[in-house]
Amino acid sequence: MPGLVSPKSSLLGAPSPPIFVPDPTHRTEHSNGTKTPSLTTTRTRPAIKRAPEKLPIDETSLDNPDLGPFLLKLARDTIGSGENPNKALDYAIRASKSFERCSGPGLGLAMSLHVVAAIYCNLGRFEEAVRVLEQSIEVSDPENGADHALAKFSGYMQLGDTYSMMGQLEQSILCYGSGLKIQKETLGESDSRVAETCRYLAEAHVQVMQFDEAEHYCKKTLEIRRERNSPASVEEAADRRLMALIYEAKGDSESALEHLVLASMIMIANGQDNEVATIDMGIGDIYLSLCRFDDAVFSYQKALTVLKCMRGENHPSVASVFIRLADLYYKTGKLRESKSYCENALRIYAKPTPGITSEELASGLTEIAAIYEDVNEPEEALNLLQKAMKSLDDTPAQRSTIAGIEAQMGVIFYMVGRYGEAWRSFESALSKLRASGERKSAYFGVVLNQMGLASVQLYKLDEAAQLFEEAKEILEQECGLCHPDTLGVYSNLAATYDAMGRVEAAIEILEHVLKVKEEKLGTANPDFDDEKKRLAHLLKEAGRARNRKGKSLENLLHSNSQRTKEEGSKRQSGFGYET
C-alpha cells in the first residue's frame with residue numbers, strides 16, 4: 001500500500017506560463033510572440049511612480065473612451081507601488097465598466113477583467129475572481145484576431161491558476177486543457193509557447209497523480225523542444241527531470257535514471273553546477289530505490305559538497321540531502337548514522353534561513369518524521385508532524401498538503417493504540433481532500449480504508465462498513481479489481497460484514513479474494529492460507545446463529561495484524577492489515 005504522504009510533489013515549483021494582459025497605453029504585437037505578464041503575488045514588478053491618493057472622477061464620466069485605459073494604468077501603478085490593494089481594485093473595476101460602456105465585449109474589457117481577477121486573488125477572494133474570469137472568457141472572441149485568441153487563452157490559464165489556489169485541481173486541469181486547445185489553434189502545434197503550456201499541464205497531472213496523462217504532455221513538450229530549440233538546452237534538462245519524476249512515480253526506475261543522467265549532462269555542459277547538484281540528489285533517490293546503496297551514497301555526498309559550497313552550511317537544500325542520507329542509512333540498518341543525519345537536518349530547520357518557504361519546511365519535517373516513525377519513535381514523529389502542520393497556512397492551496405500530514409499522523413496514532421485520535425485525524429484529512437476535489441483518487445481510497453480500520457477499533461461497525469464500501473468503489477475504479485490495495489479493502493469489508501452478521505455477503509467477498517490471490521500469489525503464499533482459514537470459519541458457521549461479540553471481529557480482521565506490529569511495521573504498511 002502506498003505510504004500516507006502528501007500528494008503534492010516537491011518538484012512542481014516551476015512558474016506558470018505568463019498570462020496575456022495587454023496594456024492599452026502601450027500595445028504590443030502579441031501575434032509575434034510577445035506576452036505581458038499578469039499581476040500575481042509571486043511575480044515582481046518594477047517600482048513605478050506612486051498613484052495619487054484620490055481620483056476625482058464621477059461615475060457619469062465612465063462613458064469617456066479614454067477613461068478605461070487611464071483607470072487600468074492607475075490600477076497597475078497602485079499595485080506596483082504597494083499601496084492598498086482595495087484602491088487598485090476600485091480603479092480596475094471602474095476601468096472594466098468604462099470599457100464595457102464604450103467598446104462592449106472585446107480585448108479592452110477582457111484585459112481589465114484579468115486585472116480585476118488578479119487583485120481579487122491577491123485579496124484571497126477566489127470565488128469572485130472565478131466569476132470575473134469566466135466573464136473575461138465570454139467576452140473574448142478568437143475570431144477577431146490573434147490578440148483576442150490569446151486573451152481567451154490567458155483567461156483560461158488564469159482561471160486554472162485560481163482553481164488551483166482554491167485546491168480544486170481537477171477543475172484547474174480542465175481550464176488548462178481549454179487554454180491549450182485555443183493556443184494550438186492560434187499558434188500552431190509546434191510553437192515553443194505550446195511546449196510551455198504542455199509542460200504546465202504535465203505538472204498539473206502529476207499533482208493529482210494522473211501519471212499517464214502527465215507522461216503524454218511531457219513527451220509532447222520534449223518533441224517540440226527538439227524541433228524548435230537547440231539540442232541540450234536548459235529547458236530540455238528541466239523537461240527530462242519532470243519526465244524522470246513521472247517514470248519514478250510509475251515504478252519505471254531505469255527510465256527515470258536515464259532521463260536524470262541526460263539532464264545532468266546537459267546542465268554540466270551549460271555550466272549549471274547548482275542544478276547539477278540538485279539532479280544528483282534525484283539520481284541518488286533512484287539508486288536508493290534500486291538498492292544500489294554505494295552509488296546512492298556517492299551521488300548524495302557529491303550533491304552535499306556542492307550545495308554546502310554554493311549555498312552555505314545551513315541552507316534547506318543541505319538539510320534535504322541529510323534527510324536522504326538518513327533514510328539510506330536506516331534502510332541499510334545503520335540506525336545511529338540515520339539518527340545523526342536527522343539531527344543535522346533538524347538543526348537547520350530549527351533556524352531556517354531567510355527565503356525558505358513554509359512548504360519546504362513542512363516537507364522536510366514530514367520526511368524526518370517518517371524516519372523517526374520507522375525507527376520506532378512515534379512520539380517524536382508526531383511532534384515533528386505537528387510542527388509541520390503549524391508551519392502551513394490553512395488556505396485552499398495548502399489543504400491537500402495538510403491533509404497528507406493529518407493522514408500520516410492518523411497512521412501513527414493507530415499504531416500506538418490511540419484510536420480516537422487516529423479517527424479524528426483521518427476524518428479531518430478526508431474532509432480536506434473532499435473539498436480539494438480528490439475524492440476519486442486512489443490515495444483518497446487508501447485514507448478511507450485507514451479511517452474504516454480506526455472505526456472498527458472504536459466498534460463503529462456501520463460507519464466502518466460505509467467507509468470500506470466507498471474505498472472499494474474508488475479503488476476498483478482507479479486500481480482495478482485485482483490490485484493489492486483493492487483486495488485489502490475487500491478483506492476488511494468481509495471481516496466487518498461478518499461482525500455485523502452479514503455472513504453471506506462476507507463469504508461472497510472472501511471467495512473472490514481467494515480466487516484472485518490463488519491466481520496471483522499461489523496457494524503457498526501465507527496470505528492465501530489466512531484467507532482460506534477465514535473463509536472456512538465462515539462457511540462452517542453459515543446457517544446458524546452468529547455470536548456477534550467483539551471477539552469475532554478481532555479474530556476475523558487480518559490475523560497477521562499483531563505479528564506485523566510486533567515486527568515493527570513500516571509506514572507504507574499502514575496498520576499491518578492486508579491492503
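Remarks
- Stokes-Einstein diffusion coefficient of region 63-157, Kirkwood radius over Cα pairs, 37 °C, 0.692 mPa s, in µm²/s: 251
- Mean-position separation - Cα centroids, region 442-481 and region 148-208, in angstrom: 34
- Stretched out straight at 0.36 nm per residue, the stretch from VAL234 to VAL261 would grow longer than its current Cα-Cα span by 8.3 nm.
- Relative packing of 410-416, 84-90, 115-121, 267-273, which averages over residues the other C-beta atoms within 10 Å, highest first: 115-121, 410-416, 84-90, 267-273
- Förster radius 56 Å - calculated FRET efficiency between TYR459 and ASN122 (Cβ-Cβ, nearest 0.05): 0.70
- Prolate/oblate/rounded call for region 418-470, Cα gyration tensor, a/c under 1.5 rounded: oblate
- Summarising the label geometry, the points placed 7 Å from Cα in the beta-carbon direction at ASP294 and GLU508 lie 5.7 nm from one another.
- Neighbourhood charge, 11 Å Cβ-Cβ cut-off, centred on ASP252 and excluding it, Lys, Arg +1 and Asp, Glu -1: -3
- Burial ranking of peptide ranges 66-79, 484-497 (average Cβ count within 10 Å, highest at the top): 484-497, 66-79
- Cross-link table LYS219/LYS432; LYS220/LYS250; LYS331/LYS432; LYS181/LYS219, entries beyond 22 Å C-alpha to C-alpha: LYS219/LYS432; LYS331/LYS432
- Region 188-311: translational diffusion in µm²/s, Stokes-Einstein, Kirkwood Rh over Cα pairs, 10 °C, 1.306 mPa s: 107
FYI, it's all coordinate maths here, none of it is from the lab. No experiment lies behind these values; they were computed from the predicted model shown. Quick reminder, even Gly has a Cβ in these numbers, built from the backbone with ideal geometry, and neighbours come from all protein chains shown.
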